Each structure stands twice: as C-alpha cells, then as structure tokens.
Amino acid sequence: MFSNDLSIDLGTANTLIYVKGQGIVLNEPSVVAIRQDRAGSPKSVAAVGHDAKQMLGRTPGNIAAIRPMKDGVIADFFVTEKMLQHFY
C-alpha cells in the first residue's frame, strides 16, 4: 500500500501543501471565483488560486471572487471544499 504524508496549511492569504520528501508542492492564494449564471442555478468554479486572485474586484455580476478563509477560520465550507478539490 502506498502512503502520501502531506500537510495542508489553509491560510487566510495562501494555501500551502507540503509533501514529505518533496517539500512545498503548492503555494497559491486562498481565493476562488464562483460563477452562478442565474438565480437558482448551481454554482460552479470559474477560477482558483492565482487566476482567481487576479479577478478580485474585476468580476462581472455573475462571478464572485471569494476568500473562503477569514481570520484563520473557514468562513465558507462549500468554497473551501471546491478550492481543495482543485488543488489536490
């Protein structure tokens, strides 16, 4: 059986992933751009990390760039889950 020893640091500014023997393999901004095309439609991920950070303050009405971590605490579990799925 294979084992991956890893650590995840969910920071307010950045998310880091460390893998034993490889060091830090990911260092990305903790930002997710979420798209919702119309009311009641499911939300989808438009961008994550560096790409989403570039969208902060510049998104159209149907996209929101969100920082899911606030003061070191998960503020939006749905968005944090989507961010981690994208990163790992």
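The values are calculated or read from the model by the stated rules, or taken from the named source; none is laboratory data. The model shown is predicted, which means the values in this text are computed figures rather than measured ones. So basically every Cβ, Gly included, is an ideal-geometry build from the backbone, and we count neighbours across all protein chains shown.
Key figures
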| read-out | value |
| --- | --- |
| Among (1) in a loop (DSSP other than H, G, I, E, B); (2) loosely packed, with under 12 Cβ neighbours inside 10 Å - the single one residue 24 does not satisfy | (1) |
| Yes/no for residue 10 being farther than 13 Å from residue 86 by Cα, surrounded by 15 or more Cβ atoms within 10 Å (Cβ to Cβ) and not acidic (Asp, Glu) | yes |
| Hits in the range 1-21 - residues which are of a type in the set (Ser, Thr, Tyr), touching a strand residue (DSSP E or B) at 6+ places or on another chain (Cβ under 9 Å) and not in a strand (DSSP E or B) | 12 |
| Some residue of the range 34-45 being out of contact with any helix residue (DSSP H, G or I) (no Cβ under 7 Å at 6 or more places or on another chain) and under 15 Å from residue 10 (Cβ atoms) | no |
| Positions within the range 52-78 being under 14 Å from residue 36 (Cβ atoms), of a type outside the set (Gly, Ala, Ser) and exposed (fewer than 10 other Cβ atoms within 10 Å of the Cβ), in sequence order | 60 |
| Every residue from the range 31-71 that is among the acidic types (Asp, Glu) and part of a loop (DSSP other than H, G, I, E, B) | 37, 71 |
| Where a residue in the range 15-42 is under 15 Å from residue 68 (Cα atoms) and of a type outside the set (D, E, K, R) and its partner, wherever it lies, is surrounded by 11 or more Cβ atoms within 10 Å (Cβ to Cβ) and modelled with pLDDT under 90, with Cβ under 6 Å and at least six apart | 34/43 |
| Test for residue 49: is it at positive phi, without any contact (Cβ under 8 Å) to a residue 40 or more places away in the chain and surrounded by 14 or more Cβ atoms within 10 Å (Cβ to Cβ) | yes |
| Residue 77 being without any contact (Cβ under 8 Å) to a residue 12 or more places away in the chain and among the aromatic types (Phe, Trp, Tyr) | yes |
| Looking only at the range 27-41, and only at residues there that are at pLDDT below 95 and under 24 Å from residue 54 (Cβ atoms), the one that is surrounded by the most Cβ atoms within 10 Å (Cβ to Cβ) | 34 |
